[in-house]
Amino acid sequence: MRGSAVPDGSVWARLPRRLGDAVRPRIPEIARSCVDAIAAEVPEYSRCFGGPGRAAAIEQARRGIERDIDRVGAPAMWQSDRLADFRGHGRAAFRAGLSRESVKASVRVASRVMWRWIAEIAQETGLSGDVVYGMAEGMLGDVETSMAAVAEGYSAAEAEASGGGERNRRVLRALLDGGQRAEEDSPAGLPERVAAVVFRALPGAPELPPGLLPDHVIADPAGDPPAALTGAPDTDLAGLAGLPAGWTAAVGPLVPSGSAAESFRVARRAADLAARGLLDAPGPVVWCRDHVPALLLLADEFLAAQLAETTLAPFAGLPEKRREQLAETLLVLVQTRGSAPELARALDLHPQTVRARLKTLAGLFGERLTDPDERLRLELALLAERALPGRE
């Protein structure tokens, strides 16, 4: 199982929170010590940490240590963000001309220095030997997963430089365009079922940072639009929670790899609708599986508008507030076919208020309220009206 898919914090969660409280004020000092030790013990890094490079490395170390200390005494957390950072370290090291051995050595040195500092702080705080042992167990596990992530990032950058990345991008675009891939040009291990991911940025948004996706995910971050394909969206896309401000990712449905173009089409449409504020999502990732009714209704906005206008014509001429009240009641009625008391509970209204609205609706729509086909049409029209631009 991949490290990024494994819950992190089982050891760190058992440590007392006061250890984290004691370490936090010392984090900048620890970060400087880690960078200085790497520069002294790993010759290839000494040239990278000169001038502004040292300050950038210290800040990077500070953020990493802070993130690790946040796990102390906390419930199990996912380590996708941490491992994404280390994959980024591996990529950056390759591009900077550093050897694979040097970047691994830097992880070992930094971990050793950090361990010494935290162990000393634990003793100063009066924590028991069991706590220190627990810290050692947690940090040893971190070193193993971090080294694997660094190697993964380094190998991915190496493959891209040798043409593997470009080949995968060609395959990605062929699949998203609906073309058939040649077997000899196919990336190894392409899943039988895939989901397309489409990225969209608002004007002025920063560049898409590297390391948000696992390196086995084929992607084209420079494409128009930037896109990716994954066979395990729930696992592979955990890092997209770290998308910078102004960026949105839309995840299409999981389909057979030969139908990747359809997943891409739906994801692209979802990204466009989300940019217009027509799809709500709790974060920067829009999952198409959560918005199927809206995507279906808005697949053809003209027809959706026509459906709403013609089907809900009896509402024409009513004051806006009155129309909204009746539309809300009508939607619950056609969806549930409930009685006045049941509708009152669903709408949090007095039954007499609901009975008055039902009487008005009966006068406006008549026998259509009891015809199954017409009730379905009314429901679709009401949902379309809600989803259309300019509607709440």
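Which one is farthest from Glu192 (Cα to Cα), of the residues in region 229-270 that are in contact (Cβ under 8 Å) with a residue 40 or more places away in the chain and among the polar types (S, T, N, Q)? Of everything passing the filter in region 229-270, Thr248 is farthest from Glu192 (Cα to Cα).
Against the list (1) under 30 Å from Val197 (Cα atoms); (2) part of a helix (DSSP H, G or I), the condition Leu326 fails is (1). Residues that are part of a helix (DSSP H, G or I) and either surrounded by fewer than 15 Cβ atoms within 10 Å (Cβ to Cβ) or modelled with pLDDT of 90 or more (or both) within region 273-289 comprise Cys288, Arg289, listed in sequence order.
When you check Gln335 against the structure, is it touching a residue at least 40 places away in the same chain (Cβ under 8 Å) and either assigned to a helix (DSSP H, G or I) or outside the structural domain of Leu254 (by TED's automatic domain parsing) (or both), yes or no? Give the derivation first.
On the way: touching a residue at least 40 places away in the same chain (Cβ under 8 Å): yes; either assigned to a helix (DSSP H, G or I) or outside the structural domain of Leu254 (by TED's automatic domain parsing) (or both): yes.
Yes; evaluated as a whole, the condition is true for this residue.
What do you reckon, is Pro191 of a type outside the set (Ser, Thr, Tyr), at pLDDT 85 or above, assigned to a loop (DSSP other than H, G, I, E, B) and closer than 16 Å to Leu172 by Cβ? So Pro191 fails the test.
Scanning region 347-392 for residues that are within 21 Å of Leu295 (Cα to Cα), aliphatic (A, V, I, L, M) and not in a helix (DSSP H, G or I) returns a single hit, Leu388.
Flag: Thr235 matches the condition of being in a helix (DSSP H, G or I) and at negative phi. Residue check: is Arg71 at pLDDT below 80, of a type in the set (Lys, Arg) and not in a helix (DSSP H, G or I)? Considered against the rule, which asks whether it is at pLDDT below 80, of a type in the set (Lys, Arg) and not in a helix (DSSP H, G or I), Arg71 comes out as yes.
Remark: pairs (first residue in region 350-365, assigned by TED's automatic domain parsing to the domain that holds Ala327; second residue of a type in the set (Lys, Arg) and assigned to a helix (DSSP H, G or I); Cβ separation under 9 Å; 6+ apart in sequence or on different chains) = Pro351/Arg345; Thr360/Arg322.
Residue-by-condition table, conditions (1) in the same structural domain as Arg368 (by TED's automatic domain parsing); (2) of a type outside the set (Lys, Arg); (3) more than 14 Å from the chain's Cα centre (by Cα):
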site	(1), (2), (3)
Leu208	no, yes, no
Asp234	no, yes, no
Pro253	no, yes, yes
Gly283	no, yes, no
Leu318	yes, yes, yes
Lys321	yes, no, yes
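Residue-level check: of (1) surrounded by 23 or more Cβ atoms within 10 Å (Cβ to Cβ); (2) in a loop (DSSP other than H, G, I, E, B), Ala205 misses just (1). Among the criteria (1) among the aliphatic types (A, V, I, L, M); (2) modelled with pLDDT of 90 or more; (3) farther than 26 Å from Ala271 by Cα, the one Val334 does not fulfil is (2). Put simply, of Ala327, Ala294, Ala304 the only residue that is in contact with a Lys or Arg (Cβ under 9 Å, 6 or more places away or on another chain), under 30 Å from Pro203 (Cα atoms) and either in the same structural domain as Trp247 (by TED's automatic domain parsing) or crowded, with 17+ Cβ neighbours inside 10 Å (or both) is Ala294.
Evaluated against (1) of a type in the set (D, E, K, R); (2) modelled with pLDDT of 90 or more; (3) not in a helix (DSSP H, G or I), Lys321 falls short on exactly one condition, (3).
The values are calculated or read from the model by the stated rules, or taken from the named source; none is laboratory data. Keep in mind that what you see is a predicted model, and the values were worked out from it rather than measured. Counting neighbours? That spans all protein chains shown, and the Cβs are built from the backbone with ideal geometry, glycine included.
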